[in-house]
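I have placed the structure first, in the form of structure tokens, so that the comments after it can refer back to it.
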Amino acid sequence: MEIDMKKYAKLASLGAFGVAGGCAALYALLAWVASPTPTGGIDRVHSTIAYIGIALPVLAIAAVHLAYARQLASYAKEHGK
């Protein structure tokens, strides 16, 4: 069984863009969770470390998905109907 990629390239591109957007939303959620509070918990230094530690893998995943989405979008444009 062979899958015709031409039919699904645009949908796959939109899905990859969606994953990148989801990564941004996940980072926002985790940054909010790691924010310092005046009543205790995490302090400024540790929250900055958490922001950077969360950002690196999330940015890497989002960058790969954006690159893949651009490739799929150009493929869909070239071979589209």
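Exactly one residue out of 9, 63, 55 is in contact with a Gly (Cβ under 8 Å, 6 or more places away or on another chain) and in a helix (DSSP H, G or I): that is 9. Just so you know, in the stretch 63-81 the residues that are buried (at least 17 other Cβ atoms within 10 Å of the Cβ) and among the small types (Gly, Ala, Ser) include one that is farthest from residue 19 (Cα to Cα), and it is 76.
Residue by residue through the stretch 40-63, note down the ones that are among the hydrophobic types (A, V, I, L, M, F, W, C) and in contact with a helix residue (DSSP H, G or I) (Cβ under 9 Å, 6 or more places away or on another chain). Can you show your working first?
Taking the stretch 40-63 and keeping what is among the hydrophobic types (A, V, I, L, M, F, W, C), we get 42, 45, 49-50, 52, 54-56, 58-63.
Those that are among the hydrophobic types (A, V, I, L, M, F, W, C) and in contact with a helix residue (DSSP H, G or I) (Cβ under 9 Å, 6 or more places away or on another chain): 42, 50, 54, 55, 58, 59, 61, 62, 63.
Comparison of 60, 20 shows that the only residue that is of a type outside the set (Phe, Trp, Tyr), surrounded by fewer than 13 Cβ atoms within 10 Å (Cβ to Cβ) and within 11 Å of the chain's Cα centre (by Cα) is 60. Could you list, in sequence order, the residues of the stretch 35-53 that are over 25 Å from residue 64 (Cα atoms), surrounded by 12 or more Cβ atoms within 10 Å (Cβ to Cβ) and among the small types (Gly, Ala, Ser)? 35, 47, listed by residue number. Within the stretch 11-44, being within 21 Å of residue 59 (Cβ to Cβ), out of contact with any His (no Cβ under 7 Å at 6 or more places or on another chain) and of a type in the set (A, V, I, L, M) holds for 14, 24, 25, 26, 28, 29, 30, 31, 33, 34. For the stretch 60-81, a residue qualifies if it is among the hydrophobic types (A, V, I, L, M, F, W, C) and more than 11 Å from residue 12 (Cα to Cα), and the qualifying residues are 60, 61, 62, 63, 64, 66, 67.
Quick check on my filter: what residues within the stretch 1-52 are among the small types (Gly, Ala, Ser) and either at pLDDT 95 or above or closer than 26 Å to residue 75 by Cα (or both)? Residues satisfying the conditions are 9, 12, 13, 15, 16, 18, 20, 21, 22, 24, 25, 28.
The values are calculated or read from the model by the stated rules, or taken from the named source; none is laboratory data. Everything quoted here is computed from the prediction, not taken from an experiment. Note that each Cβ is placed from the backbone with ideal geometry, even for glycine, and that neighbours are counted across all protein chains shown.
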